[in-house]
1. Against the condition at pLDDT below 90 and within 22 Å of S155 (Cβ to Cβ), how does V250 come out, does it pass?
2. Can you pull out the residues in the range 1-32 that are of a type in the set (V, I, T) and either within 15 Å of S54 (Cα to Cα) or without any contact (Cβ under 8 Å) to a residue 40 or more places away in the chain (or both)?
3. For the range 71-80, check the following and say yes or no: at least one residue is at pLDDT below 95 and crowded, with 21+ Cβ neighbours inside 10 Å.
4. Kindly list, by first and then second residue, each pair from a residue in the range 54-66 that is under 18 Å from S6 (Cβ atoms) to a residue that is among the β-branched types (V, I, T) and in a helix (DSSP H, G or I), limited to pairs with Cβ atoms under 7 Å and residues at least 6 apart or on different chains.
5. Taking the conditions exactly as written (within 27 Å of E258 (Cβ to Cβ), touching a residue at least 24 places away in the same chain (Cβ under 8 Å) and of a type in the set (G, A, S)), does S154 satisfy them or not?
6. Among the candidates L186, L244, L178, which residue alone is buried (at least 19 other Cβ atoms within 10 Å of the Cβ), assigned by TED's automatic domain parsing to the domain that holds T75 and within 18 Å of F147 (Cα to Cα)?
7. Only residues that are among the charged types (D, E, K, R) and either surrounded by 15 or more Cβ atoms within 10 Å (Cβ to Cβ) or within 13 Å of V11 (Cα to Cα) (or both): list them for the range 29-49, please.
8. Consider S112 against the criteria (1) out of contact with any strand residue (DSSP E or B) (no Cβ under 8 Å at 6 or more places or on another chain); (2) modelled with pLDDT under 95; (3) closer than 26 Å to Q182 by Cα: it satisfies all of them except one. Which criterion is unmet?
Amino acid sequence: MTPLVSIIIPVYNGSNYLKQAIDSALNQTYKYIEILVINDGSNDGGLTEEIARSYGDKIRYHCKPNGGVATALNTGINLAAGDYISWLSHDDLYLPHKIERQISTIASIGGSDVISYSNYETIDAKNNVLRTVRLETSEIYDCKLAFLLQLFISSIHGCSLLIPRKCFTEVGYFKESLRTTQDYDLWFRLLQKGFAFTHLPEILIQSRFHNEQGTHSLYAVHLKEAEQLYLRAVNTFYDDFEKLPIKKIVDLVIDLRERKLKQTANHVLKSIKQRNMRLYMQMYGEYYKPLIASWLMFHVSRLTQLAKVILSILKRKGRA
């Protein structure tokens, strides 16, 4: 039986990009789909609703009071009839073969508990490609570890996932109390429950960066939510952490610090130090060797310059 895929598009004041998103969903090469546009209480004078209703029975349209992305997604999941759920932000785009490639991949694996995710491109307001994000999973052959690492370095794009409906039955929906990390919170819960994630190394979506995005105005909220999320995840998945290559752990700690998640970075180091001193010392060497080398090179250079200045002064005094 051909599985039905429900594409859910949550939207709030999205008249600028909604049409492109809907068109990219309608243009899928996999035709056994339904498209649900969930209007999260837009207050743009009816512009968002006008665009959605212009598609008639090609989509299913539902309007609700404003409550945030998680509430709109959950509303869509409850209304969806599909065997699989695929999220599409109103300002992002699916490439035409997105759903077909993922359904084909899952079918080839033969598992109803498999969640597919992919690489993606970022684009600007005018659809110009800014960069290509290729998830580096080839060095880690354990699919769980590969996905876990990508979660911790914040590389997974929620709209790239194709999720079996049963996932929501078993672990629950998106947490509506979270404003910026509702997606990663769910991915961690699915991973903890034992669902398998498989990486499809193809570009299947385009993620748009523009000035109107809510994440820009919620940066402080995001830092707080992310810190709490990752601190819990370190405790939950600590045993998996120890299986990662040392360099990957070190790179992760550095990445967390650069993203201003210092509590989580320190908690990773503290947890490893308490539970596996040998691993900690190996990490310590891996982390500090380049820093020490850089520090020495910098100071040797400064000392060399100072010596040249002193010699120059002494020569001038000698001539005097």
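The values are calculated or read from the model by the stated rules, or taken from the named source; none is laboratory data. Quick caveat, the model's predicted, so the values are computed rather than measured. No Cβ is skipped: glycine too gets one built from the backbone with ideal geometry, and neighbour counts run over all protein chains shown.
1. Yes: the conditions hold for V250.
2. T2, I22
3. no
4. Y55/I22; I59/I22; H62/T75; K64/T75
5. Criteria met by S154.
6. L186
7. Result: E34, D40, D44, E49.
8. (1) is the only condition that S112 fails.
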